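What follows is a set of notes on a single structure, which appears directly below.
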Amino acid sequence: MGGCRLPIPIGVVSSGASESRASVILYDGMEKLVKNESLVVIRNKNGGDVLAICRGGRGVNDNVRTASFTPGIAYAKTGRTPSSVKEFYIFNLEIIGMMGENGLEQNKLIIAPTSLVEMYIGEDDPMRYLCNSDLTIGHYWAEPRWRVPVLKQYINYHIGIFGVTGSGKSYLARYEVIPFLRKAGYSVIIMDWKGSDYAPYFESSIPLDRVKIDDPTVLRYFNQLTKNFGYLEREENPVSTAVEQALRRVEWRGRPPEEARSLIYQHAKLILEQNAKKIKAETGQLWLDRLDSSFELITEEEVERFLGTIEPWQILTMAKEKGIVVIDMSKGEKEQKLAAFYSIARYLKRLMENKQRLDVALVIDEGPQYAPWQPRGLERDTTDIIIDLCALGRSYGLSIVILSQGMAGEIGLNAAVRRNLNTQFIGRIHPLDFEEAQKLAASYYISPEILLTLPEGHFYFLGRMNPSPTPLLISFQIKEGS
Ligand SMILES: Nc1ncnc2c1ncn2[C@@H]1O[C@H](COP(=O)(O)OP(=O)(O)OP(=O)(O)O)[C@@H](O)[C@H]1O
Ligand SMILES: [Mg+2]
């Protein structure tokens with residue numbers, strides 16, 4: 001586009017504009033160029049240049065209005081083209097802000113009707129008006145050269161990535177969000193639920209069964225497996241206590257599974273037998289019976305899940321040294337995955353409670369597995385600890401990044417967790433999330449239909465890290481071989 005004046009004039013502001021809302025009537029032919037989510041500048045005749053987004057357009061031709069009869073309709077009925085003299089195109093303009101000397105400011109002047117509207121194209125990068133951050137995520141959908149700047153100071157306010165399966169969430173995380181976090185100085189720990197989205201692409205990955213699960217978490221798992229060793233949840237539980245002591249006192253990790261299992265069992269039995277001397281014989285026998293029937297469920301296979309020896313502190317050290325560590329969770333039962341996560345999360349929480357600054361990002365793909373709408377069993381622990389990590393993370397430099405197919409309701413992320421994700425990337429959504437989409441639509445004039453049909457790799461970027469008060473539609477390029 002060498003030599004031509006940029007940005008290019010596309011139309012004028014129509015009557016009825018305010019300081020926060022306006023629409024543009026397009027010059028003849030511009031309807032073929034200006035698209036939904038095109039970026040424009042309004043040269044406000046009342047003063048200032050205002051950056052805005054075209055959002056929601058329509059074509060108007062009163063000749064073919066269907067509410068009443070016009071000569072145009074008569075033409076149309078006979079198969080001839082009615083006059084297009086009275087035809088025009090309008091786009092709503094969603095105001096981003098006034099371009100001031102020190103970046104964007106809230107626009108306070110009424111936008112004058114007939115003010116000129118110009119559209120950005122090509123080299124002329126409007127993103128530089130948003131903020132002068134050299135940290136970016138993806139590019140504005142219209143132009144790969146327009147990298148979208150983000151506000152780094154809100155990384156600790158946590159990030160949510162939403163979209164149906166195949167919308168490109170894991171790709172966005174891998175190609176854009178994680179490299180961005182690295183540039184911002186964060187070490188990254190990735191929980192790769194499927195083991196196929198990250199583990200093959202990063203240098204350091206740790207298989208799930210090599211992670212050391214701390215004793216309380218192992219006990220929690222056994223409790224769940226055996227229905228509290230046959231006791232009610234709130235009841236005093238001598239069997240569980242004995243197993244807990246056995247887990248703590250015996251060196252069972254790093255051994256063959258049958259040996260480890262037998263060590264735990266024998267030691268717990270010994271403890272129960274000793275304790276039984278002080279009480280009624282029947283009660284003592286009941287304890288031992290419950291221990292035996294519980295260990296029918298705590299099989300070698302179950303014990304094998306917890307024989308890993310890499311401790312959470314080693315994972316953190318590795319993340320600090322290598323920059324990125326992936327926990328490859330491809331092999332393992334759901335409960336085991338949650339247990340491993342819980343163990344790592346507990347460690348991070350403890351560090352922050354001791355006022356240690358982390359500068360770590362924890363990326364959780366398949367978020368609802370850890371924090372579903374209505375958590376049950378171990379999910380309750382993982383949901384609670386994610387909420388705790390979010391709260392502490394704001395002060396101690398831990399950023400939580402959660403990916404989820406659904407936003408709200410049954411398919412969605414736990415509401416209390418979601419409230420903590422102050423920056424969001426929303427890709428194509430599931431029809432079950434239509435209601436959520438309507439709320440967005442009401443706030444930002446993004447039509448729910450558009451959210452239902454976004455192409456893969458396209459996300460609306462909104463929230464604290466977005467320098468623009470209105471969501472920006474972003475995309476990103478996938479580079480072969482990275
Ligand atoms: N920016 C992009 N450009 C082109 N294609 C893309 C882009 N992002 C993603 N894709 C395509 O979309 C596919 C699905 O992406 P991805 O695996 O990230 O989806 P997802 O949202 O994580 O799905 P799931 O919820 O099932 O994990 C990719 O295999 C890739 O082919
Ligand atoms: Mg994915």
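Computed from the coordinates by the stated procedures, all read-outs in this text should not be read as laboratory data. Fair warning: this is a prediction, and the values are worked out from it, not measured in the lab. Cβ sites come from the backbone with ideal geometry, for glycine too, and all protein chains shown count toward neighbours.
Excluding Arg145 itself, calculate the net charge of residues whose Cβ lies under 12 Å from the Cβ of Arg145, where each Lys or Arg counts +1 and each Asp or Glu counts -1.
-2
When only C-alpha pairs under 8 Å and at least 6 residues apart count, what is the relative contact order of the chain, in percent? Don't skip to the answer; put the middle values down first.
Values: 952 pairs, mean separation 91.4, N = 482.
Reported as a whole number, the value is 19 percent.
Using Cα atoms only, what is the angle between the long axis of helix 238-249 and the major principal axis of the chain, expressed in degrees (0 to 90) to the nearest 10?
That works out to roughly 90 degrees.
Can you give the convex hull volume of the alpha carbon atoms of the stretch 215-304 per residue, in Å³? If you can, show how the numbers build up before the last one.
Numbers: hull volume 7.5 nm³, N = 90.
Residue-normalised Cα hull volume stands at 83 Å³.
Can you work out the FRET efficiency for the pair Asp49 and Asp134, with r the C-beta to C-beta distance and R0 = 25 Å, to the nearest 0.05?
Values: r = 23 Å, r/R0 = 0.94.
Working from the Cβ atoms, E equals 0.60.
Calculate, for Arg210 and Leu270, the FRET efficiency according to 1/(1 + (r/R0)^6) with r their C-beta to C-beta distance and R0 35 Å; round to the nearest 0.05.
Numbers: r = 30 Å, r/R0 = 0.85.
The pair Arg210/Leu270 has a calculated efficiency of 0.75.
May I ask you to compute the full-extension gain from Tyr231 to Lys194, defined as 0.36 nm times their residue separation minus their alpha-carbon distance, rounded to one decimal in nm?
Working: separation 37, 0.36 × 37 = 13.32 nm, distance 3.45 nm.
Gain on extension, Tyr231 to Lys194, equals 9.9 nm.
Sort out for me the Cα centre separation of the stretch 226-246 from the stretch 299-333, rounded to whole Å.
The distance from the Cα centre of the stretch 226-246 to that of the stretch 299-333 comes to 27 Å.
Using alpha carbons only, how many angstrom separate the centre of the stretch 34-53 from the centre of the stretch 62-109?
16
Work out, step by step, the length gained on full extension between Leu288 and Asp28: first 0.36 nm times the residue separation, then minus their alpha carbon distance; give nm to one decimal.
Working: separation 260, 0.36 × 260 = 93.60 nm, distance 8.74 nm.
84.9 nm is the gain from fully extending Leu288 to Asp28.
Whole-Hz ³J(HN,Hα) for each residue in the stretch 431-441, computed from phi via Karplus 6.51 cos²θ - 1.76 cosθ + 1.60 with θ = phi - 60°, x for glycine and proline: what do you get?
These are the phi-based 3J(HN,Hα) values: x, 5, 9, 4, 5, 4, 4, 5, 5, 4, 4 Hz.
Figure the gain on full extension for Ala391 and Thr165 (residue separation times 0.36 nm, minus the Cα-Cα span) and round it to one decimal in nm. Can you show the working numbers first?
On the way: separation 226, 0.36 × 226 = 81.36 nm, distance 2.88 nm.
Result for the pair: 78.5 nm of gain on full extension.
Quick one: if you stick a label point 7 Å off each Cα along the C-beta vector at Arg255 and Ser68, how many nm between them?
That separation, rounded to one decimal, is 9.2 nm.
Given the DSSP H assignment, sum -39500 (n - 2.57) over each helix run of at least 4 residues in the chain and divide by its residue total; what's the result at 222 nm in deg cm²/dmol, nearest 500?
Computed mean residue ellipticity for the chain: -9500 deg cm²/dmol.
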